[in-house]
Amino acid sequence: MSDASIVFADIAGFTALTEAHGDDHAATMVDQYYALAAVSLCDGARLVKHIGDAVMLWAPTPLAAVRSALRLMRSVDSEPGWPALRVGVHAGPVVEKSGDYFGTTVNTAARVAAHAHSGQLLCTRSVVRGLAATEFAFRPLGDLHLKNLHEPVTVFELADEASMAAADVDPVCRMRVDRVRAPARLPFRGQSYSFCSLKCAQAFAADPLGYMKP
């Protein structure tokens, strides 16, 4: 057993994207995502495995983990029309077997990632402590009771200034859309929604309430 930092990063809204644009489009995106993950690693981080639309990274330090995660997030952000990522990072003891990693640290990182919103990097106190006196700043979000974990986990959000202020999210397929260049926009209940295509706009127009988040 040794200490490490674990990153889980998945494509937000991937199920909705697959439903809206088809399996072939989704499969191509996942292949490209895996390639981006492989070239985003830094400071000794390693790509452990692919899990559907998610990747798991191992890093020797919290700094290596967060830097690699941010490089991956920004690579995905630069891809036109892609959804953003949801990322969770946790540091602690792990067990290595045949190139894979196991234990509570891995499970916690996965649970934290599942709690993140689109475009959000969440991490735990152990990661924040490991990033003292670095360039990163974090906002505390309080304690979370995560599935299959007995103790609450204190979670922090990376306060990254590189925001997506000019981007909307297509409510049908969950792709990010530049609101200035959006192929279609529709009003609903006092708000304007951007769409990646006329197909998504038509689907929304037919059943807007079906695409509203609860």
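Looking at the stretch 120-133 only, could you name the residues that are hydrophobic (A, V, I, L, M, F, W, C) and surrounded by fewer than 16 Cβ atoms within 10 Å (Cβ to Cβ)? So that I can check it myself, show each step before the final result.
Just the residues of the stretch 120-133 that are hydrophobic (A, V, I, L, M, F, W, C), to begin with: 121-123, 127-128, 131-133.
Across the stretch 120-133, the qualifying residues are Ala132, Ala133.
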Quiz item: Does any residue of the stretch 99-119 turn out to be surrounded by 13 or more Cβ atoms within 10 Å (Cβ to Cβ), aliphatic (A, V, I, L, M), within 12 Å of the chain's Cα centre (by Cα) and part of a strand (DSSP E or B)?
Solution: no
Quiz item: Conditions: (1) at pLDDT below 95; (2) part of a helix (DSSP H, G or I); (3) touching a Gly at 6+ places or on another chain (Cβ under 7 Å). Pro83 meets all but one. Number of the miss?
Solution: (2)
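For His25, state whether it is touching a residue at least 40 places away in the same chain (Cβ under 8 Å), over 28 Å from Val127 (Cβ atoms) and surrounded by fewer than 23 Cβ atoms within 10 Å (Cβ to Cβ). Show your work before the answer.
Numbers: touching a residue at least 40 places away in the same chain (Cβ under 8 Å): no; over 28 Å from Val127 (Cβ atoms): yes; surrounded by fewer than 23 Cβ atoms within 10 Å (Cβ to Cβ): yes.
No: the conditions fail for His25.
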Practice problem: Among the residues of the stretch 1-11, write down those that are out of contact with any Asp or Glu (no Cβ under 9 Å at 6 or more places or on another chain) and of a type outside the set (Phe, Trp, Tyr). | Solution: Asp3, Ser5, Ile6, Val7, Ala9
Quiz prompt | Residue check for Ala45: surrounded by 22 or more Cβ atoms within 10 Å (Cβ to Cβ), in the same structural domain as Val95 (by TED's automatic domain parsing), in contact with a strand residue (DSSP E or B) (Cβ under 6 Å, 6 or more places away or on another chain) and more than 29 Å from Pro171 (Cα to Cα) | solution = yes
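Select from the stretch 1-10 the residues that are within 30 Å of Val177 (Cβ to Cβ) and crowded, with 24+ Cβ neighbours inside 10 Å and list them in ascending order. Even if it seems obvious, please write down each step before you answer.
Here is the first cut: in the stretch 1-10, the ones within 30 Å of Val177 (Cβ to Cβ) are 7-10.
Within the stretch 1-10, Val7, Phe8, Ala9 qualify.
Whether any residue in the stretch 66-79 is more than 17 Å from the chain's Cα centre (by Cα) and acidic (Asp, Glu) is what I want to check.
So the first thing to find is which residues in the stretch 66-79 are more than 17 Å from the chain's Cα centre (by Cα), and the list is none.
No, the stretch 66-79 contains no residue that is more than 17 Å from the chain's Cα centre (by Cα) and acidic (Asp, Glu).
I'd like to verify a number: residues in the stretch 39-64 that are closer than 16 Å to Asp10 by Cβ and over 12 Å from the mean Cα position of the chain (by Cα), how many? Show your work before the answer.
Initially, the stretch 39-64 is screened for residues closer than 16 Å to Asp10 by Cβ, giving 40, 47-57.
Pick out the ones that are also over 12 Å from the mean Cα position of the chain (by Cα) and you get 40, 47-52, 57.
Total satisfying the criteria: 8.
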Exercise. Consider Ala184 carefully, then state whether it is surrounded by fewer than 19 Cβ atoms within 10 Å (Cβ to Cβ) and free of Cβ contacts under 8 Å to residues at least 12 places away in the same chain.
Key: no
Quiz item: Hey, among Leu122, Leu141, Leu146, which residue is without any contact (Cβ under 8 Å) to a residue 60 or more places away in the chain, touching a helix residue (DSSP H, G or I) at 6+ places or on another chain (Cβ under 6 Å) and farther than 17 Å from Pro62 by Cα?
Solution: Leu146
Exercise. Output yes when any residue across the stretch 188-201 is touching an Asp or Glu at 6+ places or on another chain (Cβ under 7 Å), among the small types (Gly, Ala, Ser) and buried (at least 16 other Cβ atoms within 10 Å of the Cβ), and no when none is.
Key: yes
Exercise. From the list Gly88, Gly13, pick out the single residue that is touching a Pro at 6+ places or on another chain (Cβ under 6 Å) and surrounded by 18 or more Cβ atoms within 10 Å (Cβ to Cβ).
Key: Gly13
Practice problem: Take the stretch 48-76 and flag every residue that is out of contact with any Asp or Glu (no Cβ under 7 Å at 6 or more places or on another chain), farther than 21 Å from Phe156 by Cα and surrounded by 17 or more Cβ atoms within 10 Å (Cβ to Cβ). | Solution: Ser75, Val76
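Evaluate the following for Arg129: is it in the same structural domain as Gly22 (by TED's automatic domain parsing) and either in contact with a Phe, Trp or Tyr (Cβ under 9 Å, 6 or more places away or on another chain) or part of a helix (DSSP H, G or I) (or both)?
On the way: in the same structural domain as Gly22 (by TED's automatic domain parsing): yes; either in contact with a Phe, Trp or Tyr (Cβ under 9 Å, 6 or more places away or on another chain) or part of a helix (DSSP H, G or I) (or both): yes.
It is true that Arg129 is in the same structural domain as Gly22 (by TED's automatic domain parsing) and either in contact with a Phe, Trp or Tyr (Cβ under 9 Å, 6 or more places away or on another chain) or part of a helix (DSSP H, G or I) (or both).
The values are calculated or read from the model by the stated rules, or taken from the named source; none is laboratory data. Please read all numbers here as calculations on a predicted model, not as lab measurements. Cβ sites come from the backbone with ideal geometry, for glycine too, and all protein chains shown count toward neighbours.
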